[in-house]
Amino acid sequence: MRITSKGQVTIPADIRERAGLLPQTEVEFEFDGKVVRIVPTRARKKEGRGARLVAHLRGRGDVAMSTDEIMALTRDD
C-alpha cells in the first residue's frame, strides 16, 4: 500500500468495518514515536441538524388530535 503525494491512503474495507470507521467518521492520528494509530474522534456535544430542527419545532403544534385521529387521516377508509 502506498501513500499518495497528497498524504492519502485507502484503509481496506475489512479493517474499516472491524474498527467501526464508517463514512464521515471523524478520526485523529496518534503517534507514539514508533507507531501511528488512527482512532475515531470522541463524540462531540454538538447537536446535528436534525436535533436542532426537532428542538425548534417542539411544542409548536396547534392542532389537538389524538394519535388515533391522526392515523385515521392517513388511512383510506
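Taken about its Cα centre, the chain carries a charge dipole of about 680 debye when Lys and Arg each add +1 at the Cβ and Asp and Glu each add -1 at the Cβ. A helix-only calculation puts the chain at -8500 deg cm²/dmol for mean residue ellipticity at 222 nm, using -39500 (n - 2.57) for each DSSP H run of at least four residues, averaged over all residues.
Mean separation of Cα pairs under 8 Å and 6 or more residues apart, divided by the residue count, gives segment 1-59 a relative contact order of 18 percent.
Computed from the coordinates by the stated procedures, all read-outs in this text should not be read as laboratory data. Here the structure is a predicted model, which means the values were calculated and not measured. Heads up, the Cβs are rebuilt from the backbone with ideal geometry, glycines too, and the neighbour counts pull from every protein chain shown.
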